[in-house]
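Accompanying notes for the structure given below.
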4 protein chains.
Amino acid sequence: MGDWTTAKVLDHGFVHLLDAMPHWLRPAGLLGWAADARVVQAARVSMAHMPSDVLMSLGLETEMEERTREQDTKLIDYLLRNAHTSPFEKVRFEFVVKLPIFVARQWIRHRTGSFNEQSARYSKLPCEFYVPELTRMQAQSASNKQASGEPLAPEVASYALDLIDTNASAAYATYDHLLSLGLARELARMVLPTNFYTQWYWTVDLHNLMHFLKLRLHAHAQYEIRVYAEAILAMVERVAPVSIEAFRRHVLAEAAQ
Amino acid sequence: MGDWTTAKVLDHGFVHLLDAMPHWLRPAGLLGWAADARVVQAARVSMAHMPSDVLMSLGLETEMEERTREQDTKLIDYLLRNAHTSPFEKVRFEFVVKLPIFVARQWIRHRTGSFNEQSARYSKLPCEFYVPELTRMQAQSASNKQASGEPLAPEVASYALDLIDTNASAAYATYDHLLSLGLARELARMVLPTNFYTQWYWTVDLHNLMHFLKLRLHAHAQYEIRVYAEAILAMVERVAPVSIEAFRRHVLAEAAQ
Amino acid sequence: MGDWTTAKVLDHGFVHLLDAMPHWLRPAGLLGWAADARVVQAARVSMAHMPSDVLMSLGLETEMEERTREQDTKLIDYLLRNAHTSPFEKVRFEFVVKLPIFVARQWIRHRTGSFNEQSARYSKLPCEFYVPELTRMQAQSASNKQASGEPLAPEVASYALDLIDTNASAAYATYDHLLSLGLARELARMVLPTNFYTQWYWTVDLHNLMHFLKLRLHAHAQYEIRVYAEAILAMVERVAPVSIEAFRRHVLAEAAQ
Amino acid sequence: MGDWTTAKVLDHGFVHLLDAMPHWLRPAGLLGWAADARVVQAARVSMAHMPSDVLMSLGLETEMEERTREQDTKLIDYLLRNAHTSPFEKVRFEFVVKLPIFVARQWIRHRTGSFNEQSARYSKLPCEFYVPELTRMQAQSASNKQASGEPLAPEVASYALDLIDTNASAAYATYDHLLSLGLARELARMVLPTNFYTQWYWTVDLHNLMHFLKLRLHAHAQYEIRVYAEAILAMVERVAPVSIEAFRRHVLAEAAQ
């Protein structure tokens, strides 16, 4: 597993690509990438008969349809453009993610993945919380009721950052104190603000991942989840570059208009 | 809609049963309750032919199978005991729930329902947070790494409650201050601890609701979500009493052993 | 329940709208239709606080945001255009459908609904099978590998219809014969061709129903499922006309290009 | 890929395990099997902090909790016994299956997997249909309305088999004839009975696979799907033996009582 499978995100977060099905190190046929090849294979089952390796393993034989790399690329493009989603469900990813609680609360609304989150009932959380960069300290948008607008003046931003930092440190001190008084972890944790970090395993297929990326790469998505989406896009692009190129062309480009 | 469709839960929360399909005021056949009747009807489609009202509306006729209330009750019991879940998916509920964020985070792990949550990006949250009752201030369990045990001594409990209250009030003051400095709502909210209240619409079918209740009524479930589960159980029992009686007998009784 | 809730489809099939949540007879606020009102209500929970009737039932009060019918219509349009799908999940339909097995096999690939199908293990199927109209007897398309093209010459079509009819009748005679020999129903049924009718209950929410309609109203969809989709569209339009108008404008019109 | 990944089922069917996540050839830690190790890892994220390899890849360090193989085995047993299902969702399988249409119709009711089926709209089906073994020709059960009972007398069984065979051959001749008349494939296919074979890709996670196996290995399941379930159980047991042993002990043994 090379370096590219892990990316730092925000001040203490990360995304780590733990596994994929098919794995990126498996043989990949014409397209050169196992994940793209799996999409093609699933799409072609509706169109022709069994993969020849299966037939051969059963003692049967078949004529191999002659295909070219260009045809496979066009097929993926066609599937994506026409919302034929089920072949993309055949490719699956497993990520480990460390992220602020308020980001986790947006993320989990994508219910089509499977999540295993660390539990603060079971073990004490470390003192790790998110504090934005100075340039991220933006004012409420004037035109969009749910977005950020212009940066605050630097001295205001700096003062606001201090407030966020102090609030989190004080909350953690209270948390620590409550635990030392003997209070159950499941109760004490309620004092921690939502900029504290949590972590989880996330399993998701390529179709649902692209839906997540479409919404979370959008200019209206909150910055703090967008940076995770960008890190994930870069990883997935290394595993399924043909699919992601079609996704960029037909979905991201359109959403950006 | 009578009083029984709304219940207060914890210090500022509630559960409100907004709607059901079939609605509890609809005619309900032999069993006397429309929701139970729908379960029976869905189960019987596998066993006999069309409901007679449909056939009649199509200008066709059929012999009505003679059934008794006792047979329908036994059928529901049989379905539940043998995990024939799909007839229970035919009954659906829509709830409005106000609940602390840390409870919402446990709840949403039941991904089979549909959630619409209030957004703190869009509007400012009011200063409403959960503070436990004095008797709920329990120590960490000695035997179970994720549970509460004995109550804290009253003076310790009282002191700990003050800490929780002060922490939340201070966080809200910071939140207020950040907003008055002009910081975007989507950023300012990160300072609020997870005992602040949120609210959502939750749509769920009876099968998945029973699964939720099984896990969240369990003695190991955290008290703060168990009280919501109990309020929901009481409402659903008024809408589908035959199904819930079978659920109590076969699922809850077994889980309690 | 008026006539419009049942429609004959093909030679022996039908669609019957059994129920909806919210039911179409419930009060519906500004928009005049309960289902559209529910979509708006779910969308607005992210934007404002609790519905005033809930607040009042809890002994609380709130300022009513002033809204107009035009604003609600625009909101639905906005949700649909921007793929904000979760408010549409709040509206749910229950259909009874009688349809040929080969149509059922396409339909069930939409896995997001819940199905309860009649079982031929449990009871003997009647002798009801689909025979196309003469004008539907079309040749294989020259340009599209999975579609129909020009009509066959009438005398060829007529001869082919005889073959289909004879094949089904002969299969049913064999089925009957096997049962009279005492063979188990679960085995005897395997001789029936896929133009025999089956029937099921189908529960689906408005979001997933629109996805079904988008694919099955498409010119590339097979005629025999398209006519069911058209019957369903007409019914749903009576229950949620504002949502369906937006769906026609943004989804169907685009898919037709 | 060894021989064990493919099994012949019925007269012309098969199951082929195409892939798994994690793949069975990956390193597997204490338990010796990558899939079981992934279940343990997902369960432990709720209990401890990050896996040490992730932490190390981020330039962080952690104390390794000391665990034994016995503890991991007990953990899997505990998860299964207490219906903690989400760790089992982390393991995923991809199968290719060839099966009679009437079996496919039962199978697809398990909607939690993802299916890609060959299309008879796109290409002509070969003449392959299921004919039971002589000993499988059983009478309708006297006690169970949906099951098979005693074997038919051999001469009756043999006669019934001839009827099934003749029916399928005649239907295929009609199919062939309709195609030669130029009828579209999407129409001609309706004459084929449900004992004809189809094939599909099936992707499913271990949790949902175990649910499928529980229902389809049950004595009440139809023989023709039970043999597929048995073939799949044998394959999955080679990939996740610790999980399957716990499944046999707690789920299958209980269902058999």
Any pair with Cβ under 6 angstrom, 6 or more apart, that starts in the stretch D:136-161 at a residue that is of a type in the set (D, E, K, R) and ends at one that is open to solvent by 40 Å² or more (accessible area, probe 1.4 Å) | D:K145/C:Y122
Tell me which residues, restricted to the stretch C:131-147, are at the interface with chain D (Cβ under 8 Å from one of its Cβ atoms) and either part of a helix (DSSP H, G or I) or within 30 Å of B:V40 (Cβ to Cβ) (or both).
-> C:R136
Across the stretch D:103-128, what is the total count of residues that are over 23 Å from C:Q146 (Cα atoms) and either open to solvent by less than 30 Å² (accessible area, probe 1.4 Å) or assigned to a helix (DSSP H, G or I) (or both)?
-> 5
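Of the residues that make up the stretch A:137-156, is at least one assigned by TED's automatic domain parsing to the domain that holds A:L10, farther than 26 Å from A:W200 by Cα and open to solvent by less than 20 Å² (accessible area, probe 1.4 Å)?
Start the filter on the stretch A:137-156 by keeping residues that are assigned by TED's automatic domain parsing to the domain that holds A:L10, which leaves none.
No, the stretch A:137-156 contains no residue that is assigned by TED's automatic domain parsing to the domain that holds A:L10, farther than 26 Å from A:W200 by Cα and open to solvent by less than 20 Å² (accessible area, probe 1.4 Å).
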Spot the failing condition for D:L79; the list is (1) closer than 23 Å to A:H23 by Cα; (2) modelled with pLDDT of 80 or more; (3) not in a loop (DSSP other than H, G, I, E, B), and only one is missed.
-> (1)
Per-region count, the stretch A:148-172, residues more than 8 Å from every other protein chain (Cβ to nearest Cβ), among the small types (G, A, S) and in contact with a helix residue (DSSP H, G or I) (Cβ under 9 Å, 6 or more places away or on another chain) | 2
Could you say whether any residue in the stretch C:85-99 is surrounded by 21 or more Cβ atoms within 10 Å (Cβ to Cβ), within 10 Å of chain D (Cβ to nearest Cβ) and of a type outside the set (K, R)?
-> no
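Do we have any residue at all in the stretch A:153-174 that's assigned to a loop (DSSP other than H, G, I, E, B) and at pLDDT 95 or above?
Taking the stretch A:153-174 and keeping what is assigned to a loop (DSSP other than H, G, I, E, B), we get A:153.
The next check asks that each one be at pLDDT 95 or above; those that pass are A:153.
Yes - at least one qualifying residue is present in the stretch A:153-174.
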Could you identify the single residue in C:S119, C:S180 that is more than 9 Å from every other protein chain (Cβ to nearest Cβ), without any contact (Cβ under 8 Å) to a residue 60 or more places away in the chain and not basic (K, R)?
-> C:S180
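Restricting attention to the stretch A:130-138, does a residue exist that is of a type in the set (A, V, I, L, M) and within 18 Å of B:D176 (Cβ to Cβ)? Break it down into steps so the answer makes sense when it comes.
We begin by selecting, within the stretch A:130-138, every residue of a type in the set (A, V, I, L, M); these are A:131, A:134, A:137.
From what is left, the residues that are within 18 Å of B:D176 (Cβ to Cβ) are A:137.
Checking the stretch A:130-138: at least one residue is of a type in the set (A, V, I, L, M) and within 18 Å of B:D176 (Cβ to Cβ).
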2 or more residues at pLDDT 95 or above, under 26 Å from B:V40 (Cβ atoms) and open to solvent by less than 10 Å² (accessible area, probe 1.4 Å): qualifying helices (runs of 4 or more DSSP H) within the stretch B:180-257 = B:206-216, B:223-239, B:241-247
Counting only residues in the stretch C:183-214 that are more than 12 Å from chain D (Cβ to nearest Cβ) and without any contact (Cβ under 8 Å) to a residue 60 or more places away in the chain, the one nearest to the chain's Cα centre (by Cα) is identified as C:L213
Select from the stretch D:18-53 the residues that are within 9 Å of chain A (Cβ to nearest Cβ) and modelled with pLDDT under 75 and list them in ascending order.
-> D:R26, D:S46, D:M47, D:A48, D:H49, D:M50, D:P51, D:D53
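The values are calculated or read from the model by the stated rules, or taken from the named source; none is laboratory data. Note that this is a predicted model, so its numbers are computed, not measured. Neighbour counts are summed over all protein chains in view; Cβ atoms, including those assigned to glycine, are modelled from backbone coordinates with ideal geometry. Areas reflect the complete protein model, heavy atoms only, side chains present, ligands, DNA and RNA absent. Shrake-Rupley method; radii C 1.70, N 1.55, O 1.52, S 1.80 Å.
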